[in-house]
Amino acid sequence: MIDLAVLKGSSFVVLGLARSGLATARALAAAGVDCVAWDDNAASRATAAAAGVAMADPASIDWPRMAALIISPGIPSHLPAPHPVAKAARAAGKKIICDVELLARAVPRARFVAITGTNGKSTTTALIGHILDQAGVRCEVGGNIGRGALDLALLGEGGVYVLELSSYQLELLETFRANVAVWLNITPDHIDRHGDMAGYVAAKENIFARQKVGDCAVIGIDDEPSRAVHGRISSRSGITAVPVALDRPVAGGVSFRAGRLIDADGYAVDFSDVLTLPGDHNAQNAACAWAVCRWLDVPREKIVAGLRSYPGLPHRQERVASVGKVVYINDSKATNADATARALSSYRDIYWILGGQAKEGGVAPLTPWFDRIRHAFLIGEATDLFAGQLEGKLPYSRCGDLQSALDAAHARAQRDAPGPGGGPAVVLLSPACASWDQWKSYEHRGDAFRTMARALPGAQRLGKAA
């Protein structure tokens, strides 16, 4: 836990008591900092109260004596409509910040690596943390992945905090400075929270705010908004801007393609046989991790060793089981078409399970990868929409629920394998949808798929024991 004693003498309101909010309230209380908290969920309030957190009904908050509102990133402070507590804080002239801002204030001499992007944040964050750990660099990994910022350990001199930061967190930062800021990519997402694409880009671009001479910005430049961001950041004096691009050399940057990356000086790394980093999107993740670790002076051979030993993350093209010549892959984290495109581009002979609560556009943008798919298995609310979008383009079955879809995909894949693509067939859960129609979260959905796949007759367990 981070020591927040530096904040003594100030009073705070904590809104939202899930993972990050509860950690924030606990850290403030442990440091003897005055705070009160609220969550609209009674069960969350009860859990926090049992941990010694003082509750305050929103109507009773004494705003004049409060220094700031610390809000959980999932709670809107502006759009589409501010939470009443956020609205009251703003009316009282109070700052609205998040737990990452408190971390920055508590450890002002720490080194921070911050990672953002529409897709690939978690993998890149975990990969950087893994490489640093394997290289003997003391680091803590958290933020929007794993542990909340204030649940991380206090690092001494030479330690590095590696933080995944969402647009929701980035718009709530005031003093936080990233010594290395990583921008992976950007495509439309979370528009309801930011108003439009320009608002989304602006929120993300806060990752570069307050960078100083000697800091580094690693920027993927394979989409137009990201190229514009690179242009703006590379024009700043004293900031080293490292471009990362697919399949083409870039001056002063890193290029990548299908498990291979080439550094600015021509040094090449081939990790195409690392099964936990399949596809061009993971080559981009690896290239960005490479650029960060080189800037942190990690020897090349140790970065290569870290890439090759990376264990992968749950729910992100996670290989969970095999039966004969068929591999079963849990990509439940793919909650939009862009994320699913990354999975479809990584395999051939795909038996694709998809559906849930559809995002705007559905699966229409995925047409370029339909030639890789042997059959689609539809589940959840999106069934009718997706059936219409696939009609005449791809054979599909309406399955209703995940177990039925897996059983049908398993039967068909075992009957047909091996396929004409030459490699192993894959049964791929990559829903291109939110999970909330049938599951509590994408993790809940992915955990269920993993269990179901490993229970198939003759299944061999792959990956971690989870």
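Note on Ala92 and Ser60: the extension gain reaches 10.2 nm, defined as 0.36 nm multiplied by sequence separation minus the Cα-Cα distance. Shape analysis of segment 342-391 places it in the prolate category; the axes a ≥ b ≥ c from the Cα gyration tensor give an a/c of at least 1.5, with a/b above b/c. In this label model, Ser309 and His190 are separated by 3.3 nm, measuring between points 7 Å along each Cα→Cβ vector. Take the Cα of Arg461, step 7 Å toward its Cβ, do the same at Tyr267, and the gap between the two points is 3.8 nm. Cα extents for segment 115-227 along the principal axes, largest to smallest and rounded to whole angstrom: 41, 28, 27.
A full extension of the chain between Thr47 and Asp371 corresponds to an added length of 111.7 nm, given 0.36 nm per residue minus the alpha carbon distance.
Annotation for segment 70-156: trypsin sites (Lys or Arg not before Pro) lying in DSSP loop with at most 14 further Cβ atoms inside 10 Å of their Cβ are Arg109, Arg138. Beyond 27 Å, the tail of the calculated P(r) for segment 175-318 holds 23 percent of the Cα pairs.
Which pairs break 25 Å Cα to Cα here: Lys359/Lys440; Lys94/Lys204; Lys8/Lys212; Lys333/Lys359; Lys212/Lys302? Check vs 25 Å cut-off fails for Lys8/Lys212; Lys212/Lys302. The loop-placed GluC sites (Glu not before Pro) in segment 287-395, going by DSSP, that have at most 11 neighbouring Cβ atoms within 10 Å of their Cβ come out as Glu360, Glu391.
Counted by Cβ distance under 9 Å from Ser11, the other residues give a net charge of -1, where Lys and Arg count +1 and Asp and Glu count -1.
Using the Cβ-Cβ distance between Thr175 and Lys393 with R0 set to 56 Å, the FRET efficiency works out to roughly 0.65. Beta-bridge orientation, segment 268-425: approximately 30 percent antiparallel, per DSSP, counting only bridges with both partners inside. Considering helices alone, the calculated mean residue ellipticity of the chain at 222 nm is -9500 deg cm²/dmol, with DSSP H runs of length four and up weighted by -39500 (n - 2.57) and normalised per residue.
Length available on full extension from Asp133 to Arg210: 0.36 nm per residue minus the Cα-Cα distance, which gives 25.0 nm. Straight-line reach from Lys87: taking Cα to Cα under 18 Å and skipping same-chain neighbours fewer than 8 places apart, the aspartates and glutamates in range are Asp39, Asp40, Asp57, Asp62, Glu171, Asp192.
Only the coordinates and a few stated rules stand behind these numbers; no lab work does. Everything numeric in this text was worked out from a predicted model, so none of it was measured. Please note: Cβ atoms are built from the backbone with ideal geometry, for glycine as well, and neighbour counts cover all protein chains shown.
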